[in-house]
Protein chains: 4
Amino acid sequence: MSHNTFGHLFRVTTFGESHGPAIGCVIDGCPPGLAIAPGDFTRDLQRRATGRSRHTSQRREADSIEILSGVFEGVTTGTPIALLIRNTDARSRDYDDLARVFRPGHADFTYDRKYGIRDHRGGGRSSARETTMRVAAGVVARKYLSERFGIRVRGHVSQIGELRPTRFDSDAAEGNPFFWPDPDMVPALETYMDSLRKSGDSIGARVDVVAEGVPAGWGAPLYGKLDAELASALMGINAVKGVEIGDGFAVAAQRGSDHRDAIGPEGFASNHAGGILGGISSGQAITCSMALKPTSSLRLPVQSVDRDNAPVTVEVKGRHDPCVGIRAVPIAEAMVALVLLDQYLRHRAQCGGP
Amino acid sequence: MSHNTFGHLFRVTTFGESHGPAIGCVIDGCPPGLAIAPGDFTRDLQRRATGRSRHTSQRREADSIEILSGVFEGVTTGTPIALLIRNTDARSRDYDDLARVFRPGHADFTYDRKYGIRDHRGGGRSSARETTMRVAAGVVARKYLSERFGIRVRGHVSQIGELRPTRFDSDAAEGNPFFWPDPDMVPALETYMDSLRKSGDSIGARVDVVAEGVPAGWGAPLYGKLDAELASALMGINAVKGVEIGDGFAVAAQRGSDHRDAIGPEGFASNHAGGILGGISSGQAITCSMALKPTSSLRLPVQSVDRDNAPVTVEVKGRHDPCVGIRAVPIAEAMVALVLLDQYLRHRAQCGGP
Amino acid sequence: MSHNTFGHLFRVTTFGESHGPAIGCVIDGCPPGLAIAPGDFTRDLQRRATGRSRHTSQRREADSIEILSGVFEGVTTGTPIALLIRNTDARSRDYDDLARVFRPGHADFTYDRKYGIRDHRGGGRSSARETTMRVAAGVVARKYLSERFGIRVRGHVSQIGELRPTRFDSDAAEGNPFFWPDPDMVPALETYMDSLRKSGDSIGARVDVVAEGVPAGWGAPLYGKLDAELASALMGINAVKGVEIGDGFAVAAQRGSDHRDAIGPEGFASNHAGGILGGISSGQAITCSMALKPTSSLRLPVQSVDRDNAPVTVEVKGRHDPCVGIRAVPIAEAMVALVLLDQYLRHRAQCGGP
Amino acid sequence: MSHNTFGHLFRVTTFGESHGPAIGCVIDGCPPGLAIAPGDFTRDLQRRATGRSRHTSQRREADSIEILSGVFEGVTTGTPIALLIRNTDARSRDYDDLARVFRPGHADFTYDRKYGIRDHRGGGRSSARETTMRVAAGVVARKYLSERFGIRVRGHVSQIGELRPTRFDSDAAEGNPFFWPDPDMVPALETYMDSLRKSGDSIGARVDVVAEGVPAGWGAPLYGKLDAELASALMGINAVKGVEIGDGFAVAAQRGSDHRDAIGPEGFASNHAGGILGGISSGQAITCSMALKPTSSLRLPVQSVDRDNAPVTVEVKGRHDPCVGIRAVPIAEAMVALVLLDQYLRHRAQCGGP
């Protein structure tokens, strides 16, 4: 079962609500012998962090992480690694008048229908705050994958509204607040985002992730396929509504003679498949994409109902990203890394190997 | 773990290779008291069957299903339901010269890299033949969902190459060999497919599935979200490269004020979300789509290598669909039904209810 | 979840009722490259088989096993291995008058309370017939463990009623129909069993299993401990009411200075622990025992009720073992082997190694 | 997978080492709507606590528990409940000279062989300190079972060394530091324990647990049987070497005509089965027992080796219980409650019901 646990052999269980005392996770199944220190988490948590630029939400969390277990003298021991972050900048009062209201486009209504009770403050459990722990767990996975196999997992934003990059410089994506691979377009993006924020509206986005260096043979057919698990991992990120592997939806219009990647003694001639065939990695770069909806937390009013099904008009106060897709880049990278490490361990279990 | 098992509480374990003695599945966790007879499987197995029209593969399997266990005096008992179909029309000799060759676009190369050994005949385990059992298990799930909740899961093809329906009549989709919701276009599709088959090439497709009647509250946040599991279920179908829920990739260009579905006392005013919010069903229709690549099994030659990494030219004989997406409609419906029933049981476990 | 599936990485899913068309299992997660032929199953299935001697039930099943998948050219491929045995000697009519009656000491009452419906013929799903598949799956596990590590798993009966062996010759246990390690006592046992059968009564037994050659380091603390999983595996065998590891219940009266096994440069000085410390194998022989209740299927009458809660007197006809513990030896060996292989794969996943 | 997670639908993941910063757990799958406050944990944590009397270890932990998530306004919300206890009285220096030594009878050697690294301080992860979290999670399970079904789970010690109670007054067991059901024997036990402590030795024990009020129908045949899961749950407790259900090992000498529990219109006439038939609860009291070995942490010297396999003599300092079995009573109760609630949710998932 996997309600709040991700993964099968590298298992991450997260807990915590947006405005509760803390968020945290327990990583079980990590191979022993990996050096992990609190400082390892800093970079990716900052990449994900709120308050990174004026274009993202203004909630400022210290996000200082505490390692509670599983690491002894700086090295993983094979026992569960518990990570904890205290919530410090939660302004729960911003949410007081939402206690009985269902915000359209949010999980308020469905949590109420499912559980009959919910922590409404800041979205409670369904808040993007939880993704902090995905990123933290991803740091551990990425470190192992990098040290053991030289695997590199990197993402960028490839669409915001109607805007698409005109060129792809993946290194440049780290140099601007939009993870945008076309540095010349950054000023235009800033103008676009400022205008959007002023209007009180929000915008969707598309994020691409590439994993390079993944050996051939990872993936568990037929119901643990690598692509199926990547799809689940990415679709499970807040706001994601679509996932693609390789050429994605474009394949619907392709011919077989164009799509299939020819093979030569030096390897594949192309990578329409996105590095996965039959649910198993081919040794090529693994490429995937996801689409994120625009946040529904807007100053602009919208019709809804309260718990008594009485009509209300909702105007959301508080601090919200006009484009939640931007901060999703490190989250998507983390989820891809979690899937890869879990699949590696499953592959090693059945088939052995390095 | 879920390598050859799908689902958590309604669990389907499939087995069998395309040209082995038989394929089958074991359904564990089915609620007791459901009437099931061999005849219940007929319709959906025929919808999926090869040899259905000249536009699909010419392999003709009787696909007569045997219920080996779990059903007593016509009713499920709560014990495992084993289903078996003997393979009868396997022409393994068609594959003799492929024993040492990796067909581009297929799982030959990756199975070899993973396991070091593979049953090459007809694609072995990675053959679409396995999906027969997904459909069979789906029949059981659909029957339960229909009788208990009136849930109806229906799919259609919404794109073949560049062709898209100009109108949607979902009832009409059952009346033509393409599951095409626009009956006026069927003659054009037949011409297109005949021409494609003559050319020796294949084409991709897009399939939509809608589940109506799903109660609000199903779904297991955060790592068993209903949409994440649908994504996994659909992406795990052979040839699928993309999955969408609700508006899918279109959300990247949408504004929040447009995307969020307003709520009134009578319910939601629109359904951009595709019936899922925060990973939990909202009570609206659940809508999802997937893109299937064109089959790589073509008469047209392509470069590849054999197990010694020596260059070879591959021309695939045998019987293959020019558009595998067509037959994927009942498979996709089945996978959606399996996810829904599994999620219902998980919901009932934690939260009780009808 | 593990309702009808045993194991986590080496997973065995069984199906079938005593008097249904067939019983079978699907073994998922088997490492590729293991040679398996139908003949491999013969010996252990015969050891377990009914009709082996006049001291066990007279139901005679051919028990000829068919390999339906997962083995190609005599070698496992890493895909699911399905095994099937048709039921041929089921005399269902023997059970006609039990359709509405709850046999004391059997699962009739509890299956009815749980599912509201049951296949009453021959005990249905709860029949010991299902253990055939445990033994069959165990054959695969034992072969892998033997070839890879030289592990040998062997059991014997160490108590029948008040009778206990006066000496232990584990090789001798295979030479008599009681798996009894004291060959001199066999005539006395035969007399005892004949007298028991004549009386219409049955007797309990104790079975010991030893696994030699298990490397140190297998076991998954804290909730997948090797001893805990052995306990579950053995307690899950029909009729088992007690399980011990190492010294077992005798430890309640031991002093720490006696129990703890001293360690020297050449290894442990004793093995009170039964080869497991902290849930992990120590490299010593793993020793475990189980107690099996006497079968409740007797000619001797007993009071019970039917489905309407009306009093009835039950006298069980049909063919039944006076001491079900005897045939449990190969079943227990199989369960121990299944646990060991599963734990090995889990260990290799996390910690690597040979 | 269940390495550090217990349960399938009511899942408890524990973390933490004896002398690390904290121990904790995450409870996932708890039904919503259960009132839980920090005070609910007090009684059972004190019953388990070290320092309870002069007959148990002198480590004194405040064991003040913090609820980090999953409870909103005093009620469970259905999201993960994280519990945390900071370690405060860890005297790690007591263990400095054990860093490279393998204590006989402990997990030192096997953890080293498995992981190649271990936190040696106070036994690290394999310390009984972890059982605090089992008790804490058990409090939640017991509260649900009690409120919903009136189920009561109670344990007592039924053997210490050669001493056995001469009468059973289960209420009296709470009134003395030995959980001993025969109050007249308490002075004798105190003398016995004082003498044992003086000698520097330790003693084993036997613990019985009874669960009253469990409805018929809980349990998941065939590989999630209620008795098999109880066996796993109890055998997984530190120091346990044997587990019994109902009559346990005594059945090896019983006749079927004696063992089987007759049924009448008013219910069962006896309870040799211990409330479980075919792996499913019968509605009778569930009775189980376990044997705990004497602790190996003694002042008395013993031979061992260090990590270089050089001989050493081990004399364990620090604070240790002469009879660890005593404190195991609330732990065993907790594990039984965890199994019961998990099984209830699994039963409700498949079969519905209250």
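The values are calculated or read from the model by the stated rules, or taken from the named source; none is laboratory data. Just so you know, these numbers come straight off a predicted model, no measurement behind them. A quick note on method: Cβ atoms are made from the backbone with ideal geometry, for glycine too, and the neighbour counts reach across all protein chains shown.
Does D:Ala82 fit the bill of being at the interface with another protein chain (Cβ under 8 Å from one of its Cβ atoms), within 29 Å of D:Ala211 (Cα to Cα) and outside any loop (DSSP other than H, G, I, E, B)? Criteria met by D:Ala82. Before we move on, is C:Asn271 more than 15 Å from the chain's Cα centre (by Cα), at pLDDT 95 or above and within 30 Å of D:His259 (Cβ to Cβ)? Taking the combined requirement at face value, the residue does not satisfy it. Summed over the stretch A:151-192, the residues that are closer than 26 Å to A:Trp218 by Cβ and either of a type in the set (Gly, Ala, Ser) or in a helix (DSSP H, G or I) (or both) give a count of 4.
Just one of the listed residues (D:Ala172, D:Ala141, D:Ala137) is out of contact with any strand residue (DSSP E or B) (no Cβ under 7 Å at 6 or more places or on another chain), within 30 Å of D:Pro31 (Cα to Cα) and among the aliphatic types (A, V, I, L, M), namely D:Ala141.
When D:Ala328, D:Ala252 are checked against the criterion of being buried (at least 21 other Cβ atoms within 10 Å of the Cβ), aliphatic (A, V, I, L, M), facing chain C (nearest Cβ under 7 Å) and not in a loop (DSSP other than H, G, I, E, B), a single residue qualifies: D:Ala252. The set of residues from the stretch B:4-34 being out of contact with any Ser or Thr (no Cβ under 6 Å at 6 or more places or on another chain), surrounded by fewer than 23 Cβ atoms within 10 Å (Cβ to Cβ) and either of a type in the set (D, E, K, R) or outside any strand (DSSP E or B) (or both) comprises B:Pro21, B:Pro31, B:Gly33. Filtering the stretch C:271-281 to residues that are part of a loop (DSSP other than H, G, I, E, B) and touching a helix residue (DSSP H, G or I) at 6+ places or on another chain (Cβ under 9 Å) leaves C:His272, C:Ala273, C:Gly274, C:Gly275, C:Gly278, C:Gly279.
Go through the stretch A:282-315 residue by residue and tally those that are closer than 24 Å to A:Asp112 by Cβ, more than 9 Å from chain B (Cβ to nearest Cβ), outside any strand (DSSP E or B) and touching a strand residue (DSSP E or B) at 6+ places or on another chain (Cβ under 9 Å). Result for the stretch A:282-315: 3. Counting just the residues of the stretch B:255-281 that are within 17 Å of A:Gly236 (Cα to Cα) and out of contact with any Lys or Arg (no Cβ under 9 Å at 6 or more places or on another chain), which one comes out farthest from the other protein chains (Cβ to nearest Cβ)? Result: B:Gly275. For the stretch C:237-249, enumerate the residues that are in contact with a Ser or Thr (Cβ under 9 Å, 6 or more places away or on another chain), more than 17 Å from D:Gly325 (Cα to Cα) and at the interface with chain D (Cβ under 7 Å from one of its Cβ atoms). Listed by number, the residues that qualify are C:Gly242, C:Val243, C:Gly246. Just need a number here: residues in the stretch D:35-51 that are more than 21 Å from D:Ala328 (Cα to Cα) and either surrounded by fewer than 20 Cβ atoms within 10 Å (Cβ to Cβ) or under 21 Å from the mean Cα position of the chain (by Cα) (or both). Qualifying residue count, the stretch D:35-51: 4. Criterion applied to B:Arg93, B:Arg113, B:Arg103, B:Arg134 was being assigned to a helix (DSSP H, G or I) and under 23 Å from A:Asp247 (Cβ atoms), and the one residue passing it is B:Arg113. Residues in the stretch A:292-318 that are in contact with an Asp or Glu (Cβ under 8 Å, 6 or more places away or on another chain) and closer than 30 Å to A:Ala250 by Cα: A:Lys293, A:Pro294, A:Thr295.
Counting the residues of the stretch B:89-109 that are within 14 Å of chain A (Cβ to nearest Cβ) and either out of contact with any strand residue (DSSP E or B) (no Cβ under 9 Å at 6 or more places or on another chain) or at pLDDT 90 or above (or both) gives 10. Checking each residue in the stretch A:1-40 for being among the polar types (S, T, N, Q) and touching a Cys at 6+ places or on another chain (Cβ under 7 Å) picks out A:Thr13, A:Thr14. The set of residues in the stretch A:177-198 that are within 11 Å of chain B (Cβ to nearest Cβ) and without any contact (Cβ under 8 Å) to a residue 60 or more places away in the chain is empty. C:Ser195 meets the conditions (1) in contact with a Lys or Arg (Cβ under 6 Å, 6 or more places away or on another chain); (2) at pLDDT below 95 in every case but one. The failed one is (1). Being of a type in the set (A, V, I, L, M, F, W, C) and facing chain C (nearest Cβ under 8 Å) is the requirement here; does D:Ala220 meet it? Against the criterion (of a type in the set (A, V, I, L, M, F, W, C) and facing chain C (nearest Cβ under 8 Å)), D:Ala220 qualifies. For the stretch C:116-126, a residue qualifies if it is touching a residue at least 40 places away in the same chain (Cβ under 8 Å) and part of a loop (DSSP other than H, G, I, E, B), and exactly one does: C:Asp119.
Against the conditions (1) modelled with pLDDT under 95; (2) among the acidic types (Asp, Glu); (3) under 23 Å from C:Leu300 (Cβ atoms), C:Asp201 satisfies every one except (1).
For the stretch A:300-320, filtered to residues that are in contact (Cβ under 8 Å) with a residue 60 or more places away in the chain and aliphatic (A, V, I, L, M), the residue that is farthest from A:Leu98 (Cα to Cα) is A:Leu300.
Would you be able to tell me the number of residues in the stretch D:110-134 that are polar (S, T, N, Q) and more than 8 Å from chain C (Cβ to nearest Cβ)? Reasoning before the result, please.
Kept after step one, since they are polar (S, T, N, Q), are these residues of the stretch D:110-134: D:110, D:126-127, D:131-132.
Then drop every residue that is not more than 8 Å from chain C (Cβ to nearest Cβ), which leaves D:127, D:131-132.
Residues in the stretch D:110-134 being polar (S, T, N, Q) and more than 8 Å from chain C (Cβ to nearest Cβ): 3 in total.
State yes or no: is D:Ala211 small (Gly, Ala, Ser), more than 14 Å from every other protein chain (Cβ to nearest Cβ), out of contact with any His (no Cβ under 7 Å at 6 or more places or on another chain) and surrounded by 20 or more Cβ atoms within 10 Å (Cβ to Cβ)? Criteria met by D:Ala211. Among the residues of the stretch B:231-249, those that are assigned to a helix (DSSP H, G or I) and either under 18 Å from A:Ala107 (Cα atoms) or free of Cβ contacts under 8 Å to residues at least 60 places away in the same chain (or both) comprise B:Ala231, B:Ser232, B:Met235, B:Gly248, B:Phe249.
Anything in the stretch B:282-306 that is of a type outside the set (Lys, Arg) and under 21 Å from the mean Cα position of the chain (by Cα)? List them, or say none. Steps first, answer last, please.
Here is the first cut: in the stretch B:282-306, the residues of a type outside the set (Lys, Arg) are B:282-292, B:294-298, B:300-306.
Within the stretch B:282-306, B:Ala285, B:Ile286, B:Thr287, B:Cys288, B:Ser289, B:Met290, B:Ala291, B:Leu292, B:Pro294, B:Thr295, B:Ser296, B:Ser297 meet the criteria.
If only residues of the stretch D:149-176 that are at the interface with another protein chain (Cβ under 10 Å from one of its Cβ atoms) and in contact (Cβ under 8 Å) with a residue 40 or more places away in the chain are counted, the one that is nearest to C:Arg255 (Cα to Cα) is D:Gly161. Suppose the filter is closer than 16 Å to D:Leu226 by Cα, among the charged types (D, E, K, R) and not in a loop (DSSP other than H, G, I, E, B); does C:Arg129 pass it? So C:Arg129 fails the test.
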